[in-house]
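Just so it is clear, none of the values below were taken in a lab; they were calculated from the coordinates. On a predicted model such as this, the values are computed, not experimentally measured, just so you know. FYI the Cβ positions are ideal-geometry reconstructions off the backbone, even for glycines, and counts take in every protein chain you see.
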Amino acid sequence: MDGLMMDRPLLVSSLIAHAGRYHGDTEIVSRTVEGSIHRTTYAETERRAKRLANALTRLGIKPGDRIATLAWNGYRHFELYFGISGIGAVCHTINPRLFHEQIEYIANHAGDRLLFVDLTFVPLVEKLAERLKPIRHYVIMTDEAHMPATSLPNALCYETLIAAESDKLVWPEFDERSACSMCYTSGTTGNPKAALYSNRSTILHTWAVCSADAIGFSSTDAICPIVPMFHANAWGVPYSATMVGAKLVFPGAALDGPSLCELFESEGVTLALGVPTVWLGLLKEMETRGKPPKLARLLVGGSAAPRAMIETFEKKYGITVMHGWGMTEMSPVGTLSTMKGKHRELPLDDRIAIKATQGRPMYGVEMKIVDPEGRRLPHDGVAAGELLVRGPWIVSGYFNDEKATKAAIDEEGWFRTGDVCAIDPDGYLRLTDRAKDVIKSGGEWISSIDVENAAMGHPDVAEAAVIGLPHPKWSERPLLIVVPKEGRSPTKEALIEFLSGRMAKWMLPDDVVFTDELPHTATGKLLKTKLRETYRAHRLPT
Ligand code: ADP
């Protein structure tokens, strides 16, 4: 027998409709690319998102069409989240920190029809435009006064585009399973792969992260997402802040300690979210400046939060730290290190030890760990194996990528995370290693294989391996291990110089070591676990 409850579709547009109506005067504050502070409200945001939606329709955009963005965290990007998804199109955020070739691959693979671009990234897009085949218009996210002279074909000005439209629109209703946004991840080897989120998955994830035992977003918060809106939808903050009607504070391009401290102080930020590297900058600034008065909670994720960092925030400044783990493929939040009732009376040090784990799953996320043969391991806090996850906001496959989908989903339909961990009986996760061959530096991926292949291109190199070593500022940095060809003796300087022309500067190895032989598996693959063990004590130059 069916229940007798209304089957209302869970749509992204309902978030901004709710906030526009019931939190209409709540502020959205942005530091613009030009440096000035811009203020708007949820009511105004909804009106502008509707203008934008009307403009998209006029440009011929249909439900399901992909619309790309290359932009910082700011109010126009925020409007795009709702204007695009609100008419059933797909908001495709592109990470500007990727290799140019990757951006080109991504825009073509997604079949993006329009590209919205912040002023900062116009020169980047100009270099690529010739090869971005499906894009019909470039919309520069500024007003007429700041429109640059550009070689981009069919360039439009954002403000002019939406000024010409009416803000009258009834958000259309459609199937909640239809796609609302997409994000490519370069988190494993090979070409970037796209998570394609649905309206339904987004709303369910938003509800889950808002709950008190998860991040616990509230209308009383002033929330600053430092994590970029081009990286896993800024961990969903644009949706969750809107669901509860919290004040939003967008940092734009200024992510250094002093700029953040100043913004937190002036806007009364209570909750901020970002990767460990960002918090190191903030801690340094706080040493001289003190704590931003209202700052009460921080979410650290994307890379392991060092215990010492959690300790300093909690003990010295009285700021509550939540440690989260997730993936682009998981919308992205999977676990949070929030306490349980039985932890309430524990001494602070014991509580901090729990916070240093990657946390426990929110309702909606199921986890299993398996050994190399795929056999389930106990959740006893000791046995470590590859983590697989399942849930309504976790990808069931990658967009137009059968091969990657096949590799990522097991026979029971679970998603392979590529992370290796132990899970204790309470569900707290402790990441111990990574099965995927990548390095995470300052929250962004470096593919070890790409760097290895580039190094093998050097005439003196017989074999090369790249591993990530722990780094105090960037979480991890690459070490290049080289077996020289017989009779050759390449230098570190020569190799780095050689690689410089072949990758972004921040991806270059911090150090190079030479050896006679690399360890391999029986099938001839590099044994990265062994290499990580051998070079664990290696000190990277600072
Ligand atoms: P995000 O950076 O938002 O977590 P990505 O998809 O870029 O999303 O990266 C996901 C991967 O980042 C995870 O599979 C894991 O390897 C790593 N990661 C995320 N959070 C943590 C954490 N708290 N501790 C250690 N590694 C983490």
Take the Cα radius of gyration of region 425-542 and divide it by 2.2 N^0.38 Å, with N its residue count; two decimals is plenty.
1.09
For a quick check: with amide H placed at 1.01 Å from N, whose amide H comes under 5 Å from T93's, ignoring anything fewer than 5 positions away on the same chain?
T69, M182
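Over 28 Å between C-alpha atoms is what I'm after, so list which of K291/K436; K340/K436; K315/K342; K403/K505 land there.
With Cα atoms farther than 28 Å apart: K291/K436; K340/K436; K403/K505.
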Based on DSSP H runs of at least 4 residues, each adding -39500 (n - 2.57), what is the mean residue ellipticity at 222 nm of the chain after dividing by all its residues, to the nearest 500 deg cm²/dmol?
-8500 deg cm²/dmol
Residue separation times 0.36 nm, minus the C-alpha to C-alpha distance between N108 and E533: what's the value?
149.0 nm
Pair S166, D143: separation of 7 Å Cα→Cβ label points (nm):
2.5
For D516 and D460, calculate 0.36 nm times their separation in residues minus their Cα-Cα distance, and state this gained length in nm to one decimal.
18.8 nm
Once phi is turned into θ = phi - 60°, what whole-Hz ³J(HN,Hα) does the Karplus curve with 6.51, -1.76 and 1.60 give for every residue of region 100-113, x standing for Gly and Pro?
4, 4, 5, 4, 4, 4, 4, 5, 6, 5, 6, x, 4, 8
Show me the three semi-axes of the equivalent ellipsoid for region 194-352, from the C-alpha gyration tensor (sqrt of 5 times each eigenvalue), largest first, rounded to whole Å.
23, 19, 15
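Arrange the following residues from fewest to most other Cβ atoms within 10 Å of their Cβ: M503, M456.
Least to most surrounded, the residues fall as M456, M503.
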Sites matching trypsin sites (Lys or Arg not before Pro) across region 351-440 that sit in DSSP coil, with at most 14 neighbouring C-beta atoms within 10 Å:
R375
Can you list the residues, at least 5 places off or on another chain, whose amide H is less than 5 Å from the amide H of G418, using H built in the peptide plane?
L387
Report the net charge of residues surrounding G381, where surrounding means a beta-carbon distance below 10 angstrom and charges are Lys +1, Arg +1, Asp -1, Glu -1.
-2
Amide N of region 415-449 lying under 18 Å from the label point, which is placed 7 angstrom from the Cα of A407 along Cα→Cβ
415-420, 434-440, 445-449
In sequence order, what are the phi-derived ³J(HN,Hα) couplings for region 53-63 according to the Karplus relation 6.51 cos²θ - 1.76 cosθ + 1.60 with θ = phi - 60°, rounded to whole Hz, with x for glycine and proline?
4, 5, 5, 4, 4, 4, 7, x, 6, 10, x
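Please give the net charge around G252, taking every other residue with its beta carbon less than 14 angstrom from that of G252, where Lys and Arg add +1 and Asp and Glu add -1.
After counting each charged neighbour, the total is -2.
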Quarter of the Cα convex hull surface for region 324-390, i.e. its orientation-mean projected area (nm²):
5.3
Amide H to amide H under 5 Å from I467: which residues, 5+ apart in sequence or cross-chain, H placed 1.01 Å off N in plane?
L479, I481
Cα-based convex hull volume of region 366-484 per residue, rounded to whole Å³
156
Report P(r) for region 180-274: all Cα-Cα distances, bin width 5 Å, range 0 to the bin holding the largest distance, values in whole percent.
3, 13, 21, 21, 18, 13, 8, 3, 0
Specify the inter-centroid distance of region 171-221 and region 222-267, based on alpha-carbon positions, in whole Å.
17
Rounded to one decimal in nm, the spacing of the 7 Å Cα→Cβ label points at K127 and T542 is 3.2
Dividing the surface of the Cα convex hull of the chain by four yields a projected area in nm² of 27.1
Three-way shape call for region 106-168 based on the alpha-carbon gyration tensor, with the a/c threshold at 1.5:
oblate
Local charge sum around D118 (other residues, Cβ-Cβ under 15 Å, Lys/Arg +1, Asp/Glu -1)?
-2
Ascending count of other beta-carbon atoms within 10 Å, so fewest first, for E486, E497, E262:
E486, E497, E262
Tell me the label-point distance for the pair S500, K316, using the 7 Å Cα-to-Cβ offset, in nm and rounded to one decimal.
3.6
